[in-house]
Amino acid sequence: MRHPESGRIPTPPQIPNRTASTLLLTVTLFGCLCVGTNLAVVLHEAGHAFGALLAGGEVYEITVHPFSGSQAAYDVPDNDLAYFLGHGGGFVFGTLFGLILLLLAKIFQRGTALYLLAYTIGTWSMLNGLYLAVGSIRPFGDVLLLIQLGIGKLPLGIAGALLVVTFFALFRDLLASVGLRQSDLYSKWVLVCEGAILPNLLAVPVYHLLVSNTLNKSIIQSFIPFLVCIPIVILIAATCGYLLRGRTANIVTAKPQWQRAGIVCIIGFAVIVTELIVF
């Protein structure tokens, strides 16, 4: 008759480390991006307005549309500092507002709805850097105005590049907070990210075609760079997140839930509808 080895503790049965479904994570991230992409634009325009007021100017109107771009109408005194505060306020203060939201997100448990929404808005605000980086190569919009004020392309490009790198780091943590795990395949990281961002992008031509009936060559030409550029940026961000996933392996986050996914999507749709009605 055999006897168990003295002092040996039986090993409990192994429980498989299951991760959340691709669809659940995609829907959750989609809702987060509905909020983040739109409110980051609001923060950018609010940055212009804040800069103009700080310079002693006037703000006449802020126009924000989820499918047709945004604009802040303001006037500032006739001096270079005032022009910088007005034209550069979208980058400077818009990014600063985003950083404040990233700090406020720490109040909530990682992975909860409020954390995800605040963190997504703050993360997406860092893409002000993409505007700066691209504009430093081919000047347009606010970047062109800053260059005309005498600010060099190189410092603008460096500032933009630093913000884009910051975005990649923050987006990696966001994906871990949404529920992507170290054990998930690379294909899952990519599917979740692209599946979340593409509907947000494709909503633009769909809106102009089916709702406002204003889809024309000009809108298509202005939209194509975003349709090409943003998915590539998100692919790079997903790839960086996957390659550096070991750094987020010990992050403790709330378990992904369909209820939470529904909440962030409802808030995202509410943000879009509010912009359509109010602005």
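The values are calculated or read from the model by the stated rules, or taken from the named source; none is laboratory data. Keep in mind it's a predicted model, so treat the numbers as computed, not measured. Virtual Cβ from ideal backbone geometry, glycine too; neighbours counted across all protein chains shown.
Going by the structure shown, is residue 67 of a type outside the set (D, E, K, R), modelled with pLDDT under 90 and over 25 Å from residue 254 (Cα atoms)? Before you say what the answer is, go through the steps one by one.
Values: of a type outside the set (D, E, K, R): yes; modelled with pLDDT under 90: yes; over 25 Å from residue 254 (Cα atoms): yes.
So residue 67 fits the description; yes.
Inspection of segment 36-51 finds no residue satisfying the criterion of being out of contact with any helix residue (DSSP H, G or I) (no Cβ under 6 Å at 6 or more places or on another chain), over 30 Å from residue 205 (Cβ atoms) and in contact (Cβ under 8 Å) with a residue 12 or more places away in the chain.
Filtered by the rule that a residue be surrounded by fewer than 22 Cβ atoms within 10 Å (Cβ to Cβ) and either among the small types (Gly, Ala, Ser) or within 26 Å of residue 195 (Cβ to Cβ) (or both), segment 42-63 gives 42, 46, 55, 56, 57. Which of the residues belonging to segment 267-279 are closer than 22 Å to residue 25 by Cβ, loosely packed, with under 13 Cβ neighbours inside 10 Å and β-branched (Val, Ile, Thr)? Residues satisfying the conditions do not exist here.
Checking the condition in contact (Cβ under 8 Å) with a residue 24 or more places away in the chain and either more than 28 Å from residue 110 (Cβ to Cβ) or in contact with a strand residue (DSSP E or B) (Cβ under 7 Å, 6 or more places away or on another chain) (or both), which residue from 176, 159 passes? Walk me through it before giving the result.
Working: 176 fails: either more than 28 Å from residue 110 (Cβ to Cβ) or in contact with a strand residue (DSSP E or B) (Cβ under 7 Å, 6 or more places away or on another chain) (or both).
Going through 176, 159 in turn, the sole match is 159.
Residues considered: 33, 39. Of these, the only one that is aliphatic (A, V, I, L, M), closer than 24 Å to residue 182 by Cβ and modelled with pLDDT of 55 or more is 33.
Just so you know, in segment 245-262 the residues that are charged (D, E, K, R) and in a helix (DSSP H, G or I) include one that is modelled with the lowest pLDDT, and it is 247. If we scan segment 140-149, do we find a residue that is in contact (Cβ under 8 Å) with a residue 12 or more places away in the chain and more than 28 Å from residue 228 (Cβ to Cβ)? Within segment 140-149, one or more residues are in contact (Cβ under 8 Å) with a residue 12 or more places away in the chain and more than 28 Å from residue 228 (Cβ to Cβ). Listed conditions (1) out of contact with any strand residue (DSSP E or B) (no Cβ under 8 Å at 6 or more places or on another chain); (2) small (Gly, Ala, Ser); (3) more than 24 Å from residue 162 (Cβ to Cβ); (4) assigned to a helix (DSSP H, G or I) are all met by residue 56, apart from (4).
Kindly establish whether residue 130 is aliphatic (A, V, I, L, M), at pLDDT 95 or above and either surrounded by 15 or more Cβ atoms within 10 Å (Cβ to Cβ) or not in a helix (DSSP H, G or I) (or both).
Values: aliphatic (A, V, I, L, M): yes; at pLDDT 95 or above: no; either surrounded by 15 or more Cβ atoms within 10 Å (Cβ to Cβ) or not in a helix (DSSP H, G or I) (or both): yes.
The answer is no for residue 130.
When segment 30-87 is filtered for residues that are of a type in the set (Ser, Thr, Tyr) and more than 20 Å from residue 150 (Cα to Cα), the ones remaining, listed by number, are 37, 60, 63, 68, 70, 74.
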